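Encoded as structure tokens, the structure appears first; notes follow it.
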Amino acid sequence: MRRIHRTTFIAKTLAATAVITVAVGCSPQSDKAGAASPATPAAPGSPSSAASAAPFAATDDKPAGAAAPGASATTAAKAAPRIVMANGAKGEQVKELQARLAQIGWFDDTPTGTYGAATTAAVKGFQGRRGLAETGATDSVTWNRLLSMTTKPTAGELAGKTVNKPTPKLDPRCMTGRVMCISKTSRTLSWVVNGKVQSTMDVRFGSQYTPTREGVFKVFEKSRNHVSTIYHTAMPYAMFFSGGQAVHYSSDFAARGYNGASHGCVNVRDKGKIAALFDQVHLGDKVVVYW
């Protein structure tokens, strides 16, 4: 009996230790890190997984084209959506696909009109977040969903000169006081004061293994020139809001875009904007992270 109790105790202890290890991936006590991990690369717009930071997760997103309970395999096959375009395709429609994906943060490159590995990965991430089959091919269901969420690309967008992102929808909790309003849906951070948006910037989140926590928090520490002693990476303009998770500038995000992820922190790639925000945010200001 004693041997059984001891085995159970050890198992529980190891499980608890594993949970703690994940939770302190960016801890101020152990000097946080927010740079992307080469070991967990991600699809453009989906740093390391569709579940960790995928854009525009509408509340009505449900698997489309799936067979109803009890439906036969033949029925399911007949209901399968047609393929609109896939890996290897070329042309203006592919360029439009890439530009539309860029609008919602899934494609972080200049539209080329060639459906290659980057586009396949972006489509796959987009599908996964919306409960669609993660094939990487743009079928009719995927295409129609993307069309409903984006606008017709301008000439500038098709040329990769601009990206017209939809205005982020502010969470109701962001409408009072001074708030860093961080949307995982649009992948943006909006600095909001008394319900009015002062500035907006692109952000990147943690991977599926080190996810950025969601909820309402407060800034409890600021460190202008912070450096991680664990990963030996710079974290300029760090503003900590939950344990070791912070909003900070990331040179890796600036260089690689969404082809990477943080260890749980909220990465900003525009150094000028994060520097200005750092000077405006006070200790105690609210942080809201939401879908």
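The values are calculated or read from the model by the stated rules, or taken from the named source; none is laboratory data. Quantities reported herein were computed from a predicted structural model and do not represent experimental measurements. Counting neighbours? That spans all protein chains shown, and the Cβs are built from the backbone with ideal geometry, glycine included.
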- Task: Determine if the stretch 121-134 includes at least one residue that is under 14 Å from ASN259 (Cβ atoms) and not in a helix (DSSP H, G or I).
- Result: no
- Message: Given the criteria of a type outside the set (Lys, Arg), surrounded by fewer than 22 Cβ atoms within 10 Å (Cβ to Cβ) and under 21 Å from the mean Cα position of the chain (by Cα), does SER262 qualify?
- Response: no
- Among the residues of the stretch 139-164, which ones are in a helix (DSSP H, G or I) and of a type in the set (Gly, Ala, Ser)? SER140, SER148, ALA155, GLY156
- Task: Only residues that are surrounded by fewer than 17 Cβ atoms within 10 Å (Cβ to Cβ), closer than 19 Å to ARG187 by Cα and modelled with pLDDT under 95: list them for the stretch 207-250, please.
- Result: GLN208, TYR209
- Does MET235 qualify as being in contact with a His (Cβ under 8 Å, 6 or more places away or on another chain), more than 30 Å from ALA118 (Cβ to Cβ) and of a type in the set (A, V, I, L, M, F, W, C)? no
- Task: Could you list all residues from the stretch 261-291 that are of a type in the set (Gly, Ala, Ser) and at negative phi?
- Result: ALA261, SER262, GLY272, ALA275, ALA276
- Considering each of THR119, THR150, THR135, THR112 in turn, give the residue that is of a type in the set (Ser, Thr, Tyr) and within 23 Å of MET201 (Cα to Cα). THR150
- Message: Contact list please: Cβ distance under 8 Å, first residue in the stretch 181-194 and on the phi > 0 side of the Ramachandran plot and at pLDDT below 95, second residue assigned to a loop (DSSP other than H, G, I, E, B) and of a type in the set (Gly, Ala, Ser), pairs at least six apart or on different chains.
- Response: ARG187/GLY45; ARG187/GLY105
- Query: Looking at ALA89, ALA121, ALA102, which is the one that is over 19 Å from the mean Cα position of the chain (by Cα) and crowded, with 18+ Cβ neighbours inside 10 Å?
  - Reply: ALA89
- Item | Failed criterion for LYS196 (all others in (1) outside the structural domain of PRO81 (by TED's automatic domain parsing); (2) farther than 18 Å from TYR290 by Cβ; (3) in contact with a strand residue (DSSP E or B) (Cβ under 8 Å, 6 or more places away or on another chain) hold) | (3)
- Query: If you scan the stretch 157-168, which residues turn out to be under 26 Å from ILE274 (Cα atoms) and at pLDDT 90 or above?
  - Reply: GLU157
